[in-house]
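Following: one structure in structure tokens, then a few remarks.
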Amino acid sequence: MRQVTGKVIAGLIGFMAFGPAGLLFGLVLGHAFDRGLWRALQLSGPEAVHIMRAQFFETTFTLLGFVAKADGRVSEAEVVQAEALFVQLRLNTAQRDSAIKHFKAGSAPGFDPGPTVAKFNDCLGPRRQAQHTLMVLLMGIALADGTFSEAERGALYRLAQLLGLPRREVDQLISMVNAQAQFQQSSAGEGHRSRNAESELNTAYDALGLTSDASDAEVKRRYRKLMSENHPDKLIAEGVPDELLRVATERAQEITAAYEVIQQARGSK
């Protein structure tokens, strides 16, 4: 019905104002409206970045609640993880209240993530890096208790499908996020590398989404690509809010740590 309405109204207005030529113009404009291009024109103005960031913030915390509740209950570890994220992002009181409100909405019984993801897609469009950043944040809450449950993995697959991301990309992201989290944990403890250097090297390859048979050039290319994707300027352009850039910065540090482990191992051969 909406697709017909846009063409009819715009066509009639064009015809009454400018005659047959106006009718044609009105139909074209109506078609553009019906296809959502009017929304795209709105987002090309000076308010575009603000609108995208606000939508990214809302989507992130709503879907964090959805993933946390995927296995039937929001665990204590997930609550702690969410609280830690609030602190890490240095949210002010208003932002924290907003984040909690959206988290509770996403974790409500029977919540359907479809409309939330549809708003995200409509606002940000097919920005692959923004989609990956969102998924990485959601994977963080799923990993709060140390592992992905089948229900959490299923929730991530469902969200990825709504975003238009293929499952193989999700599996690779899960592997990378899991490995990067291990690097974050190991950096706090001393003597880890000497205790299990081989295991850490394997984790380093996983953190970069590579296998041990990757060439030196492939390793360097992959590292540069990941660092470029997590560069603040690029993420800002993708609509990622300033508050969430701190998570990307931390991820970049984990990627660098993994790259250094690989470089050291290859340099010692």
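The values are calculated or read from the model by the stated rules, or taken from the named source; none is laboratory data. Predicted, not measured: the structure shown is a model, and the values here were computed from it. Every residue, glycine as well, gets a Cβ built from its backbone with ideal geometry; the counts of neighbours run over all protein chains shown.
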Legend entry - The listed residue being buried (at least 16 other Cβ atoms within 10 Å of the Cβ), among the aliphatic types (A, V, I, L, M) and either touching a residue at least 60 places away in the same chain (Cβ under 8 Å) or in a helix (DSSP H, G or I) (or both), out of Ala94, Ala99: Ala99
Inset, instruction - Please verify whether segment 66-86 includes one or more residues that are in a helix (DSSP H, G or I), over 23 Å from Gly209 (Cβ atoms) and at pLDDT 90 or above. - result: yes
Inset, instruction - Could you run through segment 220-259 and say how many residues are β-branched (Val, Ile, Thr), at pLDDT 70 or above and touching a Lys or Arg at 6+ places or on another chain (Cβ under 8 Å)? - result: 0
Inset, instruction - Name, by its number, the condition in (1) closer than 22 Å to His132 by Cβ; (2) touching a Gly at 6+ places or on another chain (Cβ under 9 Å); (3) surrounded by fewer than 20 Cβ atoms within 10 Å (Cβ to Cβ) that does not hold for Ala70. - result: (3)
Inset, instruction - Take Ala54 and decide whether it is hydrophobic (A, V, I, L, M, F, W, C), more than 24 Å from His231 (Cβ to Cβ), at pLDDT below 85 and not in a loop (DSSP other than H, G, I, E, B). - result: no
Inset, instruction - Could you tell me whether any residue of segment 168-176 is modelled with pLDDT under 85, part of a helix (DSSP H, G or I) and farther than 19 Å from Glu229 by Cα? - result: no
Inset, instruction - Tell me which residues, restricted to segment 206-226, are surrounded by 15 or more Cβ atoms within 10 Å (Cβ to Cβ) and in a helix (DSSP H, G or I). - result: Asp206, Ala207, Val219, Arg222, Tyr223, Leu226
